[in-house]
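Asks: The following block contains the structure, expressed as structure tokens.
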Amino acid sequence: MKRTFIAVKIVPEEKMLRILKHLRESLSDGKIKWIEPDILHITLFFLGDTDEKLIPVISEKLKQISLEFTSFELEFEGIGIFKNIRDPRVIWAGTRENNVIRKLKSRIDEELIRLGFEGEKREFRPHLTIGRIKWIRNRSILEEMVKFYKNCEIQRAEIKEIIYYESILRPDGPEYLSLLITPFKKKV
């Protein structure tokens, strides 16, 4: 068994890196596991423990799906939190509404559900997880940061491929290994 997920990788540019640094510095009085910039991604489907015999089958499905799409642009805007300000668990950067990533997610869901994987119950909200909060001493600073960056344009990113990852959990944070990188078809 391998712990796997499907995602699109995001390479942070200068403005996003500055915002991430500002958040880290401003929220340094809490215990937050910050996601390293080189592994930022938007998860499209978390498969969890996956039978290794299924990995080639899933890879073939992803190759087929990737040929149905051309590269597209995502616009990142705003910082938010999951659960809520009284019980914050995750700090994220959001995306502007984008139909292409929704269609991509829907196609992946369709194929993986056919293979017996359980689809997500919650509505898909494309986002970059940038930090996981264990505890935070001063929630008012977190609230200020969310308000400060609420409508801030963070970055535009061209999405050119789907990546099928294996996630290996380590004490110092997860390690992601690419099982498959499948590019979208070329624009004509």
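No value in this document is a laboratory result; all are computed from the given coordinates. The shown structure was predicted, so the numbers you read here are calculated from the model rather than taken from an experiment. Neighbour counts run over all protein chains shown; Cβ positions are idealised from the backbone, glycine included.
Asks: Enumerate the calculated ³J(HN,Hα) couplings along segment 158-168 in order (Karplus 6.51 cos²θ - 1.76 cosθ + 1.60, θ = phi - 60°), each rounded to whole Hz, writing x wherever the residue is Gly or Pro.
Replies: With coefficients 6.51, -1.76 and 1.60, one gets 8, 9, 10, 7, 9, 10, 9, 10, 9, 10, 10 Hz.
Asks: For LEU179, enumerate residues with amide H under 5 Å from its amide H, sequence gap 5+ or separate chain, H modeled in the peptide plane.
Replies: Sorted by chain and number, the residues that satisfy this are TYR164, TYR165, GLU166.
Asks: Also: Which residue, TRP92, TRP34, TRP135, tops the fluctuation ranking in a GNM of the chain built on C-alpha contacts under 10 Å?
Replies: TRP135
Asks: If amide hydrogens are placed 1.01 Å from N in the peptide plane, which non-local residues have theirs closer than 5 Å to the one on CYS152?
Replies: Sorted by chain and number, the residues that satisfy this are GLY78, ILE79.
Asks: Continuing with the same structure: Take THR70, THR50, THR4 and order them by how many other Cβ atoms sit within 10 Å, fewest up front.
Replies: The order, fewest Cβ neighbours first, is THR70, THR50, THR4.
Asks: Based on the mean of other Cβ atoms within 10 Å per residue, sort peptides 95-105, 143-153 so the most packed one is first. Could you put the intermediate results ahead of the total?
Replies: Values: 95-105: 15.1, 143-153: 13.5.
Most protected by this proxy first, the peptides run 95-105, 143-153.
Asks: With only alpha-carbon pairs counted, each pair once and no self-pairs, how large is the Kirkwood hydrodynamic radius of segment 23-122 in angstroms?
Replies: Final number for the Kirkwood radius of segment 23-122 is 16.4 Å.
Asks: Around ILE19, what is the net charge, scoring Lys/Arg as +1 and Asp/Glu as -1 over all other residues with Cβ under 12 Å from its Cβ?
Replies: With Lys, Arg at +1 and Asp, Glu at -1, the neighbours total -1.
Asks: Taking one equal scatterer on every alpha-carbon of the chain, how large is log10 of I(q)/I(0) by Debye at q = 0.11, 0.19 1/Å?
Replies: The computed values of log10 I(q)/I(0) come out as -0.52, -1.37.
Asks: In nm, what is the difference between 0.36 nm times the number of residues separating GLU14 and ARG125 and their Cα-Cα distance?
Replies: That works out to 37.5 nm of additional length.
Asks: Determine ³J(HN,Hα), in whole Hz, for all residues of segment 35-41 in sequence, where each value follows from phi through the Karplus function 6.51 cos²θ - 1.76 cosθ + 1.60 and θ = phi - 60°; x replaces Gly and Pro.
Replies: Values, residue by residue: 7, 5, x, 6, 10, 5, 7 Hz.
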